[in-house]
1. By how many nm would the segment from Ser353 to Asn139 grow when fully extended, if each residue of separation counts as 0.36 nm and the alpha-carbon distance is taken off?
2. Please work out whether the chain counts as rounded, prolate or oblate from its C-alpha gyration tensor, where a ≥ b ≥ c are the square roots of the eigenvalues and a/c under 1.5 means rounded, while otherwise a/b larger than b/c means prolate and anything else oblate?
3. Rounded, prolate or oblate: which one fits region 156-294, using the alpha carbon gyration tensor with axes a ≥ b ≥ c (rounded when a/c is under 1.5, else prolate when a/b beats b/c, else oblate)?
4. Over the chain, with a Gaussian network built from C-alpha contacts below 10 Å, which listed residue (Ala95, Ala121, Ala140) shows the highest mean-square fluctuation?
5. As a quick test, which of the pairs Lys253/Lys357; Lys194/Lys334; Lys194/Lys357; Lys253/Lys334; Lys99/Lys343; Lys194/Lys343 have an alpha carbon distance above 29 angstrom in this structure?
6. Per-residue HN-Hα couplings for region 107-115, Karplus 6.51 cos²θ - 1.76 cosθ + 1.60 at θ = phi - 60°, whole Hz, x for Gly and Pro?
7. Which value in nm describes the separation of the simple spin-label points at Gln168 and Asn324, placed 7 Å from the Cα toward the beta carbon?
8. Around Asp119, which amide H atoms from residues at least 5 apart in sequence, or from another chain, sit under 5 Å from its own amide H, with H modelled in the peptide plane?
Amino acid sequence: MAQSFIRSLVACTLILCPGCSVLKVSSPLHPGELDTPTFARTASRMNSLPINLSPPLTLLWQQDLTAGIGSGSPLLVENMIFVGNLRGELYALDALTGKRHGWATLGGSIEGTPVIDSDLAIVPLAGSRESLIGYDLVNANVRWRATLGDIHGSPLLMDTHVFVGNTQGTFFAVDEWTGDVLWRFELPHNTTLKGIRSSAAGWSHHVVFGADDGALYDLDATTGTMRWRYVVDGAIQASASIADSSVFVGTLKGTVYSIRLSDGTLRWSHSTGTSVYAVPLVQSGLCMFGTTGGMVLALDQSTGATVWSCDVHSPVNSGILGVNDVLYVGTLEKELIAIDPAKGSILWRETVSGRIKTTPIAWTNCLIIATDDRLIQAFTGRGQ
C-alpha cells in the first residue's frame, strides 16, 4: 500500500509542467474515493470524508494565488489542487507541497467553484460576456464558451449535464462536452430580476436550488420542468444539500428548512435568528451548519430539534467539513476551529492569516483552506 501511494505521488509530480503559466495535464483525471472534484465534494453537496484527521493541526504549506478567492472551495483530484481566483485564473497546485504547476487565465472573476471531470474543467465566471468555460486540461485550451450571464454559484454536474443559474434569475442545463444550452428555466414572475446565487444540488433526476425571490425550486434534470416550488421566509444564497430523501437549506432570514424531495412539502423548519450562507452538512442523524451570528448548530435530522449549539464568537458563512469524529469550520475572525460532532464542544482553534469564506476540504492526512488574503493553506495532523 505504501509503495502504491508513493507511485501515485510520483505520477502527480509528472502530470503538470512545474512553473508553467499554462495549465496542462498529460492524461485525463479520474477522481478517487476521497477526492473533491466539485463544490462540497458530491452532487448532493455532502462535504464529509471517512478519514482520520485529528487536531491539533500544523501548517504544512501555503501558496499565494496572486488575487482574492471566491466563496466556493478548492478542489482536489489525483493529488492536485485546483482553485480559481477573482482575477479569472484557474490554478493547479501540488497537494503535498503547494507548488504551482500551472494556471490558465479565463477572464472575468471566478466567484464559485469549478468542476473537474476527466480532461475538462468547467469554470463559472462573473463580469465576463462568456460566463461558463469548458477548459481542456489535456490540450491546454478552451474547448467551449457559453454566454449565460454572471454566475456567482458553483456548477452542478450530473451525467453529462451541467446545471447553473445566473444573477438575473435564469437557470440553465448545458451539455458538458459542447457547451450547448439544453434547456433554460426562468424564475416565475421575476419582474425585478431576482437572481440565483445558490449552487444547485442534485439527486437522481432532481436538481434543487434556492433563489433571491425567497423560494426553493426542484426541476427535472432532463427537461427543466418544475416539479415543485416551496416559498420560504427570505432569500436563499446558500447551497441546499440532499440526504435521505430530504432537502436541507438555510435562508438569509436565518431559518433552516427540511423539505421532502418527492413532493416539496415541509418536514420541519428551525429559526436561528441570523443569516445562513452555509451549505448544511447532514451526517450521523444531524443537520449541521454555521450562522453569521457566530453559532454552529446541530439539529436533529428528522425533527429539527436542537441537539447542540456551539458559540464560536465569529460569523460563519462557509460550509462545514466533516471527517471521522471531527468537524472543521472556518470563521470571518480568521480562525480555523475543530468541533466535537457528538457534543458540540470546541476541540481546537487556530488563528490563520485571513478570513475564511470558503468551505474547507481534506485529503488523506491534510486539511486545505483558502483565506481572503489570497492564500491557500494546507494543515496536517500530529504525527501525519
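All of the numbers you see were taken from the coordinates with simple rules; none came from a lab. Remember, it's a predicted structure, so these values are computed and weren't measured experimentally. FYI the Cβ positions are ideal-geometry reconstructions off the backbone, even for glycines, and counts take in every protein chain you see.
1. Gain on extension, Ser353 to Asn139, equals 73.4 nm.
2. Because a/c hits 1.5 or more and a/b fails to exceed b/c, the chain counts as oblate.
3. prolate
4. Evaluated over the chain, the most mobile residue of the options is Ala140.
5. Beyond 29 Å: Lys194/Lys334; Lys99/Lys343; Lys194/Lys343.
6. Computed from phi, the couplings for region 107-115 are x, x, 9, 8, 8, x, 10, x, 10 Hz.
7. Going from the Gln168 label point to the Asn324 one covers 5.1 nm.
8. Leu29
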